[in-house]
Amino acid sequence: MNKKMLFITLTIVLVVIIVICAYYIQQSATSPDYIQQKYPTLKNGTYLNLRGGEKTRMYLIDSYVRYGNYEKDVMGPPGTYLAKKGDACVILNGTIRNDYNTDIYIGLTAEIYNASGQKVGSVININNTNMPGAPFITIFTKSKSVESFEIYIKYDKADISGYDIFVAFEPSATAPP
């Protein structure tokens with residue numbers, strides 16, 4: 001009788017664990033933190049374009065967006081804030097590869113689109129140490145190397161349906177001013 005009771009107890013515990021795991025897997029797939037794409041947007045595994053449409057040799061390996069908040073204040077002109085700690089934003093993360101034959105600096109920027117397909121939000125980055133609040137991030141990347149990036153876009157609604165990533169200026173061996 002003890003073996004039968006132990007078997008029933010272990011079976012019940014196993015079923016409960018499976019149900020809990022299934023619940024959390026389903027929750028993570030529909031979590032509002034990760035944005036479901038409804039509109040055509042940038043495809044991973046392609047070369048990025050300059051704003052004018054010309055192709056570059058910067059290869060987008062992967063990217064995703066999530067909702068978040070600014071972790072610190074971003075100052076603008078003296079005495080003004082572009083974003084304050086805690087302000088809502090959309091954070092775009094990804095990985096790129098430099099397929100140029102030289103080490104270069106690039107500027108990455110992005111656009112996000114709401115459920116109606118309209119461009120919304122403003123890129124206001126926290127990670128540009130030489131140009132806080134710039135509408136792009138500057139990345140130094142060695143030839144044939146892979147780099148991660150993170151772009152902050154100030155936007156306070158949870159209705160994003162797509163995004164695009166662009167190279168903000170012609171890649172260069174020297175850093176932007």
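Bear in mind that the values in this text are calculations on the coordinates, not laboratory data. Only a predicted model underlies this, so the values are computations on that prediction, with no experimental measurement involved. Glycine also receives a Cβ, built like all others from the backbone with ideal geometry; neighbour counts cover every protein chain displayed.
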Requested in this report: For ALA168, list long-range residues whose amide hydrogen, built 1.01 Å from N in the peptide plane, is under 5 Å from its own amide hydrogen.
Outcome: GLY107, LEU108, THR109
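Could you sort out which of LYS84/LYS142; LYS72/LYS154; LYS84/LYS157; LYS72/LYS119 sit more than 22 Å apart by Cα distance in this structure? Walk me through the numbers on the way to the answer.
Numbers: LYS84/LYS142 33 Å; LYS72/LYS154 13 Å; LYS84/LYS157 16 Å; LYS72/LYS119 25 Å.
Correct reply: LYS84/LYS142; LYS72/LYS119.
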Report task. About the Cα centre of the range 46-167, how large is the charge dipole given +1 on each Lys and Arg Cβ and -1 on each Asp and Glu Cβ? Please answer in debye to the nearest 20. Result -> 80 debye
Report task. Sequence neighbours fewer than 8 away in the same chain don't count; with that in mind, list the lysines whose C-alpha is under 26 Å from LYS144. Result -> LYS43, LYS55
Report task. Can you grab the distance from the C-alpha centre of the range 137-177 to the C-alpha centre of the range 65-101, Å, no decimals? Result -> 10 Å
Query raised in the report: Say each of ASN44 and THR174 gets a label point 7 Å from the Cα, pointing the same way as Cα to Cβ; how far apart are those two points in nm?
Result: 3.7 nm
Report summary line: Summing +1 per Lys or Arg and -1 per Asp or Glu among the other residues with Cβ less than 15 Å from ASN101's Cβ gives +2
